[in-house]
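The structure appears right after this line, and notes come after that.
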Amino acid sequence: MGKVTRRRFLGALGSAGVLAGTYKLDDEVTGGYSESDMSLIGHRGVSGLESDNSMDGFRRAADLELDGVETDLRTTRDNKLVLSHDPFIVSDEDLHVISTTDYSELIKHSDLVLFSDFLDWFETQDMELYTEFKATESIDPAIQMMEERRLSENVTLMSLMPSHFEFFPDEFETAFAGSITSRIMFERLEGINPDYIIPHYLPFINSTEHVSGDQIDGYWMLSEKTEDIRDVLRTNPDMLISNRPDIVNRIIKSG
């Protein structure tokens, strides 16, 4: 996806006196798909092949020559930014809540990656980064770290929570990663105006109502089933965040 974002596009329409609404480049489902038309992003690194949010997963994404990676951010009790989807770590049947435990203790029970260490690696890559925030307290320090590294052109700030978007600065692109593709999701978008709308894949995405009424830029999907991946690709998404981008690439190349 280019840098002519939804926000900038709508702003240009507004200044020209044109009624602006959400848009999508491809509104029709077609029978084929093209490798060059879509950004392929590794979900939590490449979580279908390596551990979630692990450096091994991110390196695997680079080896697969993906367009980018997605990761999740949380904050420890001692204000360390770490990569984790879940709010806790389970070790030997003990549960360690990330927000109420110091990093030095958490690292005894896991391979939890510091965001700073990840960024040190990411800076050396020609990739996009989709950073999903799980808690408000992670936003400002994470943005500061990325601004210090001048990464705003390579990063999209993402959240499922509408309240987070008021903390996202204009120099970063933004994405709403909704869990439902329905009228309810679009009602939650009122006043947010993200650059991209990226809902979770659901089996009914090919319905006539969905295709004609919803403006979707891409999907994130946990499914590794070939038929599900083919269904998503037939919608010509601008981007796809996948656990198994290797399977996605194989399907694309096979036609």
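None of the figures in this text is laboratory data; all of them are computed from the coordinates on show. Model, not experiment: these values are computed from the prediction. Neighbour counts run over all protein chains shown; Cβ positions are idealised from the backbone, glycine included.
So between I192 and E123, what do we pick up on full extension, going 0.36 nm a residue minus the alpha carbon distance? Provide the component values of the computation, followed by the final result.
On the way: separation 69, 0.36 × 69 = 24.84 nm, distance 2.90 nm.
Extra length available between I192 and E123 comes to 21.9 nm.
Local charge for T71 was computed over the other residues whose Cβ lies under 10 Å away, with Lys and Arg +1 and Asp and Glu -1, and equals -3.
For the range 38-52, putting each phi into the Karplus relation 6.51 cos²θ - 1.76 cosθ + 1.60 with θ = phi - 60° gives couplings of 9, 7, 9, 10, x, 7, 6, x, 9, 6, x, 10, 9, 4, 3 Hz, in residue order, rounded to whole numbers and with x for Gly and Pro. If the chain linking D140 and S254 were pulled fully straight, counting 0.36 nm for each residue of separation and taking away their Cα-Cα distance, it would gain 36.7 nm. Stokes-Einstein diffusion for the range 75-125, with the hydrodynamic radius set to the Kirkwood value over Cα pairs and evaluated at 20 °C in a medium of 1.002 mPa s, equals 189 µm²/s. For the range 64-211, the fraction of C-alpha pairs farther apart than 17 angstrom is 64 percent. One decimal place: the segment S99-I247 gains 49.8 nm when fully extended, by the rule 0.36 nm per residue minus the C-alpha distance. Once backbone amide H atoms are built at 1.01 Å from N, F88 has I98 as its partners under 5 Å, excluding neighbours fewer than 5 places away on the same chain.
Nearest 0.05, what FRET efficiency do S110 and D37 give at R0 = 45 Å with Cβ-Cβ as r? Don't jump to the answer; show the numbers that get you there.
Numbers: r = 38 Å, r/R0 = 0.85.
Between S110 and D37 the formula returns 0.75.
Whole-Å semi-axes of the range 136-205's equivalent ellipsoid, largest first, each the root of 5 times a Cα gyration tensor eigenvalue?
Numbers: eigenvalues 123, 30, 19 Å².
Each semi-axis is √(5λ); the values are 25, 12, 10 Å.
Under the combined filter of DSSP loop state and at most 14 neighbouring Cβ atoms within 10 Å, the range 94-181 retains these GluC sites (Glu not before Pro): E123, E171. Database remark: amide H of W220 closer than 5 angstrom to the amide H of H200, Y201, I241 (H placed geometrically; neighbours at sequence offset of 5 or more, or on other chains; Pro and chain starts carry no H).
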